[in-house]
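Below is one structure, written out as structure tokens; the observations come after it.
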Amino acid sequence: VQLQASGGGLVQAGGSLRLSCAASGSGFSINAMGWYRQAPGNQRELVATVTRGGSTIYASSVKGRVTISRDDAKNTVYLQMNSLKPEDTAVYYCNAVHIGGINYWGKGTLVTVSS
């Protein structure tokens with residue numbers, strides 16, 4: 001499975017961004033897809049995940065501001081981020097979990113929120 005993320009960039013506080021991540025390869029074998037982020041000096045942390053059945057999990061820090069969704073026909077997961085804050089600045093990584101339990105990671109996309 002290869003994951004190609006896009007949509008990062010520079011945005012002012014209060015603005016919005018939409019990240020996309022397309023999976024290629026064994027897309028039909030993917031269970032959960034999600035997004036993690038890593039800010040400088042911090043560990044990688046969960047932002048949001050969505051299972052193949054549509055169940056979602058959000059980090060408390062983004063709940064209410066972020067929506068994760070997926071289009072299984074396109075093997076793509078999206079992360080709509082609104083009301084962005086400077087503390088949302090990080091490299092965002094797409095993640096896919098194979099039904100066999102293997103984790104796949106995309107190259108990160110940088111999100112920078114200016115104050």
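The values are calculated or read from the model by the stated rules, or taken from the named source; none is laboratory data. Quick caveat: nothing in here was measured; it's all calculated off a predicted structure. Because the Cβ atoms are built from the backbone with ideal geometry, glycine has one as well, and the counts that use them run over all protein chains shown. Please note that ligands, DNA and RNA were not included when accessible areas were found on the heavy atoms of the full protein model with its side chains. Shrake-Rupley method; radii C 1.70, N 1.55, O 1.52, S 1.80 Å.
Side notes on the structure shown:
- Index of the failed condition, Asn95 passing every other in (1) in contact (Cβ under 8 Å) with a residue 60 or more places away in the chain; (2) closer than 11 Å to Val11 by Cβ; (3) open to solvent by less than 10 Å² (accessible area, probe 1.4 Å): (2)
- With respect to the conditions (1) free of Cβ contacts under 8 Å to residues at least 60 places away in the same chain; (2) touching a Gly at 6+ places or on another chain (Cβ under 8 Å), Thr109 falls short on a single one, namely (1).
- Looking across segment 12-35, the residues that are assigned to a helix (DSSP H, G or I) and surrounded by 12 or more Cβ atoms within 10 Å (Cβ to Cβ) come down to Gly27, Ser29.
- Meets criteria (out of contact with any strand residue (DSSP E or B) (no Cβ under 9 Å at 6 or more places or on another chain), of a type in the set (A, V, I, L, M, F, W, C) and either open to solvent by 10 Å² or more (accessible area, probe 1.4 Å) or under 16 Å from Glu45 (Cβ atoms) (or both)) for Ala73: yes
- Only one of the listed residues (Leu84, Leu79) is assigned to a loop (DSSP other than H, G, I, E, B), surrounded by 15 or more Cβ atoms within 10 Å (Cβ to Cβ), touching a residue at least 60 places away in the same chain (Cβ under 8 Å) and in contact with a Gly (Cβ under 9 Å, 6 or more places away or on another chain). That residue is Leu84.
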